[in-house]
Amino acid sequence: MSSKGAWQRTSDVDVPDDPIGEAVAVALADVLAGASVELLYAPASSPAPLRQAEPGVAMATGPGPPGWQTTVIVRLNDRVARLLDSDHPTSLAELLARLPQAGVAAAARFRHHVEERSQRLNAPLRRALRDTVAGELLAGHLASRVGTPPRAGLIDETIQFLIELSGSRVESHELTHGVVVADVLVDEPRLAFRYPGDIRAAKRAPLLFDGQRAVLVVDLQGRARTELQRHRFQRLARGARVEEEGNDDAPESGSLVAEATAALGGLGFADGVPLLVRSAEHWTAFPLELTASIEHMIGGGPAAALLARAAFMISAQPGGAILAVVENPADVDGTVSPKDRYDLRDDIDPTAMRPETRLHHLIDAQELDEHTLVRLATLDGATVLDRTGSLIAYGAIVNSSDSEHEGARTAAARTLSETALVVLKVSVDGDITIFRKGRALTTLLGRAHDA
């Protein structure tokens, strides 16, 4: 047996050299935070291991190095596995089920094209393998949602196109691009417009389908069919509603793509958050267990889903934030100044109000949604809710302990978590760190990767 970090290789006979398998294991461990990956080897003539129904565990078997078969086993840690409910399928459970098969399929493609050798894959090959794993995951997800697999290569080509666009500029504009791959148009197109090839040739196309005001709808054959504009959303999504453009305070979060995916089916988002996020050339599943984890920590309530959605939207922006949930508003007495308390705005004598308190009366946060929460949370200071999702404070300066050995935002989150049920700190790099009872429990999305 050999192991490294969140993955290990095992065999009842011997452990063969398998640089492709090792790279796959690393890629899978990257994707799902809090999961471990095992590569189990057996002679190619051996029967495949039996699949045992075990919560938080998924496996798949496929070809290994010459003369071997490889079984990929992915295990969630016990804390996360307890959040899975077999009676109520979740995006996390679906992702876990597909992860081993995606690894097996990606490895098989590389074994076919890359000469087997004992040395570690170089950086470009490891990067290509990570993108291939992501493509297999997304293609499997799409096929399960619409019942028909997409054209071979469509998802891989789409990923490559989006990578090309990241960091590019056209006519002095930073490029964003929104695309939904779905099976919603039954008529044959008058003009064959291949995606992404024909879109790539039209340099202004990303400006038209930016994912903020409009998304491009692509069918399963890889043909670009039509745009779906924000203000004409119901043209294809009958009966569906989408936030008005003016209310979308974080368009770069992909909210329009999320709404379109929810209404049309297809690929991209699940439960309002993305399936995968690519950062620093590595793929990570958005922490799908985040909402369930928060619900577990705070004992249920609407605030959990609200916080998770807002944290994702903020993580796509450069500013960062501190978000907290308390059992009782009185829990922040002494930690948050009364001037920052939105819930106390009517309890203060108008003649004695400070300017910040007077401002609370102009804020429409009686029925808090994620867009309003994001707008308030990206101000300097902490934003505090109760379990019902009611706003307690925003822009709050936390009376934190000495921050000499850590950043001011970290110190504030740590201090606030001593009285709050849970605190999320979103860093400027998009990391989401969960604090509880004065300590950091885990960091999601952000990770230090090797070159």
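From the list 31, 57, 26, exactly one residue is of a type outside the set (Lys, Arg), surrounded by 14 or more Cβ atoms within 10 Å (Cβ to Cβ) and in contact with a Leu (Cβ under 7 Å, 6 or more places away or on another chain). Which is it? Show your work before the answer.
Numbers: 57 fails: in contact with a Leu (Cβ under 7 Å, 6 or more places away or on another chain); 26 fails: in contact with a Leu (Cβ under 7 Å, 6 or more places away or on another chain).
Matching residue, one of 31, 57, 26: 31.
Would you mind stating whether residue 295 is acidic (Asp, Glu) and either at pLDDT 70 or above or within 22 Å of residue 160 (Cβ to Cβ) (or both)?
yes
If you take the residues of the stretch 419-432 that are in contact with a Ser or Thr (Cβ under 8 Å, 6 or more places away or on another chain) and at pLDDT 90 or above, which of them is nearest to residue 334 (Cα to Cα)? Give the steps one after another, and end with the answer.
Residues of the stretch 419-432 in contact with a Ser or Thr (Cβ under 8 Å, 6 or more places away or on another chain): 419, 423-427, 430-432.
In the following step, the residues that additionally are at pLDDT 90 or above were identified as 419, 423-427.
On the way: 419: 10, 423: 17, 424: 20, 425: 20, 426: 24, 427: 25 Å.
Looking at residues that are in contact with a Ser or Thr (Cβ under 8 Å, 6 or more places away or on another chain) and at pLDDT 90 or above, I get 419.
Criterion first (out of contact with any His (no Cβ under 8 Å at 6 or more places or on another chain) and assigned to a loop (DSSP other than H, G, I, E, B)) does residue 441 satisfy it? Lay out the reasoning, then the answer.
Numbers: out of contact with any His (no Cβ under 8 Å at 6 or more places or on another chain): yes; assigned to a loop (DSSP other than H, G, I, E, B): no.
No; evaluated as a whole, the condition is false for this residue.
Go over the candidates 372, 351 one by one and state the one that is within 28 Å of residue 258 (Cα to Cα) and among the hydroxyl-bearing types (Ser, Thr, Tyr).
Exactly one of 372, 351 is within 28 Å of residue 258 (Cα to Cα) and among the hydroxyl-bearing types (Ser, Thr, Tyr), namely 372.
Can you name the residue in the stretch 154-201 that is part of a strand (DSSP E or B) and more than 19 Å from the chain's Cα centre (by Cα) and is also surrounded by the fewest Cβ atoms within 10 Å (Cβ to Cβ) among such residues?
The qualifying residue surrounded by the fewest Cβ atoms within 10 Å (Cβ to Cβ) is 169.
When you scan the stretch 24-79, how many residues do you find that are under 29 Å from residue 432 (Cβ atoms), part of a loop (DSSP other than H, G, I, E, B) and either free of Cβ contacts under 8 Å to residues at least 12 places away in the same chain or not aliphatic (A, V, I, L, M) (or both)?
Selection size over the stretch 24-79: 5.
Give the stretch 221-235 a look and list any residue that's crowded, with 19+ Cβ neighbours inside 10 Å and part of a loop (DSSP other than H, G, I, E, B), or say none.
222
Name the residue, out of 143, 102, 139, that is at pLDDT 95 or above, under 24 Å from the mean Cα position of the chain (by Cα), assigned to a helix (DSSP H, G or I) and not acidic (Asp, Glu). First the steps, then the outcome.
Working: 143 fails: at pLDDT 95 or above; 139 fails: at pLDDT 95 or above.
Checking each option against the conditions leaves just 102.
The values are calculated or read from the model by the stated rules, or taken from the named source; none is laboratory data. Since we're looking at a predicted model, the values are computed, not measured. We place every Cβ from the backbone using ideal geometry, glycine too, and count neighbours over all the protein chains shown.
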